[in-house]
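Data block below; observations after.
Any read-out appearing in this document is the output of simple, stated calculations on the displayed coordinates, not a laboratory observation. Bear in mind that the values here come from a model prediction, so they are computed numbers and not experimental data. Here Cβ is always computed from backbone atoms with ideal geometry, including for glycine, and neighbour counts include all displayed protein chains.
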Amino acid sequence: MKATDRYFVRGITCSLDGQVLEVANLSVGGLFAAMAKPPGPGRVVRLELALDGRPPFEVTGTVTWINEPDKPKATDLPEGFGLKITRIALPHKLAILDLLKRHQPVLRISKG
C-alpha cells in the first residue's frame, strides 16, 4: 500500500469548524472532503476524523487542491478539497492503515 493509494470507504466523516463533512476518499497520507466553499489551497487546517466504529481523532493537514463545481478537476468527486495530512498520532495512522487494508483502492481519480 502506497501513501498515494486512494480508497473509497463509506461512513467516514470529518469535522471542520463544527461542520461534519463526508470523506469522499482516504489514503494513509491524505483525504478528500466534500464541502461547499472549502478552505483555499495552502491553508493549514485541523480536522476531527471519524472512522466507522472508532472515536474521532485529530489530524492536521494542508489543503492541496480544490474541486470547484463550475470547473471540476476531478469529475468523479463532489465539490470540496484535498488535504495532505501533516500531523497525526501514530495510533491513529495505524487505525487508518488497518481500515484501508480491508478495502480496495480506487483505480483512478482524474485530476486536471
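Going 7 Å from the Cα of LYS73 toward and past its Cβ, which residues in the stretch 40-58 have a backbone nitrogen under 16 Å from where you end up?
40-45
Counting only Cα atoms, I'd like the Rg/Rh figure for the chain, Kirkwood definition for Rh. Kindly include the intermediate steps, with their values, before the conclusion.
Working: Rg = 12.9 Å, Rh = 13.9 Å.
Ratio value, two decimals: 0.93.
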